[in-house]
1. What number of residues within the stretch 100-131 satisfy the criterion of being open to solvent by less than 80 Å² (accessible area, probe 1.4 Å), closer than 16 Å to Thr65 by Cα and in contact (Cβ under 8 Å) with a residue 40 or more places away in the chain?
2. Looking only at the stretch 72-99, count every residue that is surrounded by 15 or more Cβ atoms within 10 Å (Cβ to Cβ) and outside any loop (DSSP other than H, G, I, E, B) and tell me the total.
3. With Thr25, Thr40 as the choices, which residue is at pLDDT 90 or above and within 19 Å of Gln138 (Cα to Cα)?
4. In the stretch 60-71, what residues are buried (at least 17 other Cβ atoms within 10 Å of the Cβ) and part of a helix (DSSP H, G or I)?
5. Does the stretch 39-52 include one or more residues that are of a type in the set (D, E, K, R) and open to solvent by less than 60 Å² (accessible area, probe 1.4 Å)?
6. Tell me which of these Leu57 doesn't satisfy, since it passes every other one: (1) more than 19 Å from Arg125 (Cα to Cα); (2) of a type in the set (A, V, I, L, M); (3) modelled with pLDDT of 95 or more; (4) not in a strand (DSSP E or B).
7. Which of the residues spanning the stretch 132-143 are loosely packed, with under 12 Cβ neighbours inside 10 Å and over 20 Å from Leu34 (Cα atoms)?
8. Report yes if Leu136 is in contact (Cβ under 8 Å) with a residue 40 or more places away in the chain, among the aliphatic types (A, V, I, L, M) and not in a helix (DSSP H, G or I), otherwise no.
Amino acid sequence: MKTIYRLAAFLLLLAPAVLAQEHYTEGPVWRVSLIRVKPTQMDAYLTSLQQSSKPILDAEKKDGTIMDYKLFLKETKSNPEDWDVCLAVEYKNHAAMDGLAAKGEMFRDKIFGGKQPAQQLAEKRAEIRELITSDLLQEIILK
């Protein structure tokens, strides 16, 4: 009897996920970071991205660690606390994110020559921008 109750409980817990899947298939996973750039610092920030982030993202894309990345500039603001720049990085799936920190460190060391130079760039960047949020999003494709 306990086995039947356990099976019923398991099926009830599984039902929402199964029903949700009937409407869509899972696509890639996106890491989306929203950034507010300090006043008069947009050129400096974009230069920083070009010099430090772009080489790493391009290397990760070439290696297959990421599928793609995109940068967006927000053209409308609803308030002064709004974000200015969005960086979106596309991963094939959640499993593609396994070991991501180690891979990132490998590219960082290869491109910048170690942790110290990269840390100095990160400190300079922190002076000209503020990370508002960084979210992980699952892309879905409606059936």
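1. Total satisfying the criteria: 5.
2. Here is the first cut: in the stretch 72-99, the residues surrounded by 15 or more Cβ atoms within 10 Å (Cβ to Cβ) are 83-91, 96-97.
In the following step, the residues that additionally are outside any loop (DSSP other than H, G, I, E, B) were identified as 85-91, 96-97.
Adding up the residues that qualify gives 9.
3. Details: Thr40 fails: within 19 Å of Gln138 (Cα to Cα).
Only one candidate passes the filter, namely Thr25.
4. Filtering the stretch 60-71 for residues buried (at least 17 other Cβ atoms within 10 Å of the Cβ) gives 60, 65-66, 69.
Answer for the stretch 60-71, where residues must be buried (at least 17 other Cβ atoms within 10 Å of the Cβ) and part of a helix (DSSP H, G or I): just Glu60.
5. No: the stretch 39-52 contains no residue that is of a type in the set (D, E, K, R) and open to solvent by less than 60 Å² (accessible area, probe 1.4 Å).
6. All conditions pass for Leu57, except number (1).
7. Hits for the stretch 132-143 are Ile141, Leu142, Lys143.
8. yes
The values are calculated or read from the model by the stated rules, or taken from the named source; none is laboratory data. Computed from a predicted model, the values in this text were never measured in an experiment. No Cβ is skipped: glycine too gets one built from the backbone with ideal geometry, and neighbour counts run over all protein chains shown. Areas reflect the complete protein model, heavy atoms only, side chains present, ligands, DNA and RNA absent. Shrake-Rupley method; radii C 1.70, N 1.55, O 1.52, S 1.80 Å.
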